[in-house]
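Enquirer: Supplied in structure tokens, the structure appears directly below.
The values are calculated or read from the model by the stated rules, or taken from the named source; none is laboratory data. Because the structure is predicted, anything quoted here is derived from the model rather than measured. Here the Cβ positions follow ideal geometry from the backbone for every residue, glycine too, while neighbour counts run over all protein chains shown. With ligands, DNA and RNA removed, areas are computed over all heavy atoms of the protein, side chains included. Shrake-Rupley method; radii C 1.70, N 1.55, O 1.52, S 1.80 Å.
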Amino acid sequence: MDSGAEMRRFSGLRAGLRWHAVALQTAGLTAIALMLYLFELGKGALSDWDDAIYAEITKEMMQGHHWLTPYWNHLPFFEKPPLFNWLQMIAFSVLGRTEFAARLPSALASVVTVMLVYAMTRRMAGRAAGLLAGFVLLTTHFFDQAARDATTDALLVMLIYLTVYGYVRLREGDGRWFYLLCAALALGILTKGPAALVAPMAIGLDWGFRREKK
């Protein structure tokens, strides 16, 4: 048998095994995160401050058909941008105005964050490091708490990580990821305003350090 063909077949087999390993790890982490963050998500009343405020804003936006302007106590509320409320509106429309629906955007955003941490770490340090990073995040108390709160924090964290992930892929030489980076940053600003600028600050620091090393 031609040695070149044998080597190509062996390389293809190795690539297939790597793909299956990544797929299994991704599916496993996703399943664990979904179980952790969706289990009894609707149990207990919303907290008396931020959770209830965001849910009330969303309810008033829906009642008054104020799709662009958040309202609280029937007055315009401009302290936070409306992206999180829009997601709550979708959840309320599908599932009803329940505690579960109010918290669902945060829970799903946290699942995506776990997968972004896994994917980003895997690309930079290997599958084992990516899997460990994902599990460490799953066992972080304040992250887990944000995943079960009806506030903007979990969504903001997801969009910050998505921005940084876009930069990591862009750094590898694929210019198409620049569009994801910009879109994620814009959505982060639409979630919590200037707080999303943490992502470009981190990217700028990394870019500066890399330039100094050259």
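Enquirer: So in segment 140-155, with the set limited to residues that are open to solvent by less than 40 Å² (accessible area, probe 1.4 Å) and of a type in the set (S, T, N, Q), which one is nearest to the chain's Cα centre (by Cα)? Outline the logic, then answer.
Expert: Pass one, segment 140-155, residues open to solvent by less than 40 Å² (accessible area, probe 1.4 Å): 143-144, 146-147, 149-152, 154-155.
Filter again for of a type in the set (S, T, N, Q), leaving 151-152.
Details: Thr151: 14, Thr152: 11 Å.
Looking at residues that are open to solvent by less than 40 Å² (accessible area, probe 1.4 Å) and of a type in the set (S, T, N, Q), I get Thr152.
Enquirer: When you go through Leu137, Leu108, Leu132 one by one, which is the residue that is open to solvent by less than 30 Å² (accessible area, probe 1.4 Å), of a type in the set (A, V, I, L, M, F, W, C) and either closer than 23 Å to Leu187 by Cβ or part of a helix (DSSP H, G or I) (or both)?
Expert: Working: Leu108 fails: open to solvent by less than 30 Å² (accessible area, probe 1.4 Å); Leu132 fails: open to solvent by less than 30 Å² (accessible area, probe 1.4 Å).
Leu137 is the lone residue from the list that is open to solvent by less than 30 Å² (accessible area, probe 1.4 Å), of a type in the set (A, V, I, L, M, F, W, C) and either closer than 23 Å to Leu187 by Cβ or part of a helix (DSSP H, G or I) (or both).
Enquirer: Please tell me if Met158 is open to solvent by 70 Å² or more (accessible area, probe 1.4 Å) and either within 13 Å of the chain's Cα centre (by Cα) or over 20 Å from Ala31 (Cα atoms) (or both). Write out each step before concluding.
Expert: Numbers: open to solvent by 70 Å² or more (accessible area, probe 1.4 Å): no; either within 13 Å of the chain's Cα centre (by Cα) or over 20 Å from Ala31 (Cα atoms) (or both): yes.
Spelling it out, it is not the case that Met158 is open to solvent by 70 Å² or more (accessible area, probe 1.4 Å) and either within 13 Å of the chain's Cα centre (by Cα) or over 20 Å from Ala31 (Cα atoms) (or both).
Enquirer: Moving on to the next point. Just to be sure before I move on: is Leu38 modelled with pLDDT of 90 or more and over 16 Å from Ser106 (Cα atoms) in the structure I sent?
Expert: no
Enquirer: Ok, one more. Out of the residues in segment 41-77 meeting the condition of being out of contact with any helix residue (DSSP H, G or I) (no Cβ under 7 Å at 6 or more places or on another chain) and hydroxyl-bearing (Ser, Thr, Tyr), tell me which one is nearest to Ser106 (Cα to Cα).
Expert: Ser47
Enquirer: So, one more: Give me the pairs, please: first residue somewhere in segment 151-170 and outside any helix (DSSP H, G or I), second residue anywhere and small (Gly, Ala, Ser) and open to solvent by 10 Å² or more (accessible area, probe 1.4 Å), beta-carbon distance under 8 Å, and either six or more positions apart or on two chains.
Expert: Correct list of pairs: empty, since none qualify.
Enquirer: If you check Thr98, Thr26, Thr113, which single one turns out to be of a type in the set (Ser, Thr, Tyr), open to solvent by 40 Å² or more (accessible area, probe 1.4 Å) and closer than 26 Å to Arg169 by Cα? Reasoning before the result, please.
Expert: On the way: Thr98 fails: closer than 26 Å to Arg169 by Cα; Thr113 fails: open to solvent by 40 Å² or more (accessible area, probe 1.4 Å).
Within the list Thr98, Thr26, Thr113, the selection yields Thr26.
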